[in-house]
Amino acid sequence: METINEEYICKSETETKKLAYNFAKRLNKDDIVVLNGELGAGKTIFVQGIAAYFNIENQISSPTFTIVNEYTLNDGSSIYHFDVYRLEDSNEFISKVGTEYFDQGISIIEWGDIIKDILPKRTIYVNIEKDNLDFNTRKIVIKREVV
């Protein structure tokens with residue numbers, strides 16, 4: 001397997017959403033996307049860009065307390081938006097949520113490194129870093145394994 005890294009610099013929330021919108025065009029119906037970055041880095045903004053591509057009109061917010069939000073797409077498939085920030089580890093995820101979502105639609109997981117040990121190799125990782133000098137700038141690295 002080969003690892004492909006794509007690096008982007010986004011200078012505003014609008015650019016981050018546009019990048020995520022274009023990223024969403026390449027997603028398959030059973031992809032798993034992990035979003036990592038410190039608080040306020042823009043993980044939920046990235047999810048909003050993905051949602052825009054799929055014409056999800058709902059207000060997208062991070063499911064910090066519910067752990068998962070489900071969005072049904074026009075074709076009947078689903079996007080599952082997880083926030084595992086408050087979970088201890090993958091065992092807690094399995095007991096509270098389970099892994100069956102991973103084969104039922106697109107799974108987007110904020111703070112996904114917490115449960116990295118149970119994620120399939122096909123998982124796509126999106127790391128978002130704040131710029132120390134410019135509050136609006138983000139470095140976004142998309143990492144995926146390719147056969």
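Bear in mind that the values in this text are calculations on the coordinates, not laboratory data. Note that the structure is predicted; figures quoted are calculated from it, not measured. Virtual Cβ from ideal backbone geometry, glycine too; neighbours counted across all protein chains shown.
In this simple spin-label model, placing a label point 7 Å from the Cα along the Cα-to-Cβ direction at both Glu129 and Glu70 gives a separation of 3.8 nm. List the trypsin sites (Lys or Arg not before Pro) within region 1-109 that fall in a DSSP loop (any state other than H, G, I, E or B) and whose Cβ has at most 15 other Cβ atoms within 10 Å. Within region 1-109, the qualifying trypsin sites (Lys or Arg not before Pro) (loop, at most 15 other Cβ atoms within 10 Å) are Lys11, Lys25, Arg26, Lys29, Arg86.
Is the chain rounded, prolate or oblate when judged by the Cα gyration tensor, a ≥ b ≥ c being the square roots of its eigenvalues, rounded requiring a/c under 1.5 and prolate requiring a/b larger than b/c? Rounded.
Could you tell me whether region 34-103 comes out rounded, prolate or oblate from its Cα gyration tensor? Rule is a ≥ b ≥ c as square roots of the eigenvalues, rounded for a/c under 1.5, then prolate if a/b exceeds b/c, otherwise oblate. In terms of gyration-tensor shape, oblate. Report the full-extension gain for the segment Glu13 to Lys139: residue separation times 0.36 nm, less the Cα-Cα distance, to one decimal in nm. Extra length from Glu13 to Lys139 when fully extended: 44.2 nm.
Rounded to whole numbers, the Karplus 3J(HN,Hα) couplings from phi for region 76-88 are x, 7, 10, 10, 10, 10, 9, 10, 9, 3, 8, 8, 6 Hz, using 6.51 cos²θ - 1.76 cosθ + 1.60 with θ = phi - 60°, and x at Gly and Pro.
Scalar couplings 3J(HN,Hα) for region 113-128, obtained by applying the Karplus form with A = 6.51, B = -1.76, C = 1.60 to θ = phi - 60°, are 4, 4, 10, 3, 5, 10, 8, x, 4, 6, 4, 9, 9, 10, 9, 10 Hz; x denotes Gly and Pro.
Mean separation of Cα pairs under 8 Å and 6 or more residues apart, divided by the residue count, gives the chain a relative contact order of 37 percent.
Loop-located GluC sites (Glu not before Pro) in region 78-113 (DSSP state not H, G, I, E or B) with no more than 13 neighbouring Cβ atoms inside 10 Å: Glu88.
Given a Förster radius of 35 Å and the C-beta distance between Gln104 and Glu38 as r, what FRET efficiency does 1/(1 + (r/R0)^6) yield to the nearest 0.05? Computed FRET efficiency for Gln104 and Glu38: 0.75. Rounded to the nearest 0.05, the FRET efficiency derived from the C-beta distance between Ser95 and Lys116 at R0 = 25 Å is 0.90.
Which one, Asp75, Asp113, Asp30, has the greatest fluctuation when you compute a Gaussian network model over the chain with C-alpha springs under 10 angstrom? Highest fluctuation of the listed residues: Asp75. I'd like the distance between the alpha-carbon centres of region 62-129 and region 1-47, rounded to an integer number of Å. Result: 15 Å between the Cα centres. Only bridges with both residues in the chain count here: give the DSSP antiparallel percent, nearest 5. Here the share of antiparallel DSSP bridges comes out near 60 percent. Annotation: amide H-H contacts under 5 Å for Phe54 (H modelled 1.01 Å from N, sequence separation of 5 or more, or interchain): none. Applying 1/(1 + (r/R0)^6) with r as the Cβ-Cβ distance of Glu57 and Glu2 and R0 = 35 angstrom yields a FRET efficiency of 0.40.
Residues whose amide H comes within less than 5 Å of that of Gly37, counting only those at least five positions distant or on another chain, are Trp111, Ile128 (H built at 1.01 Å from N in the peptide plane).
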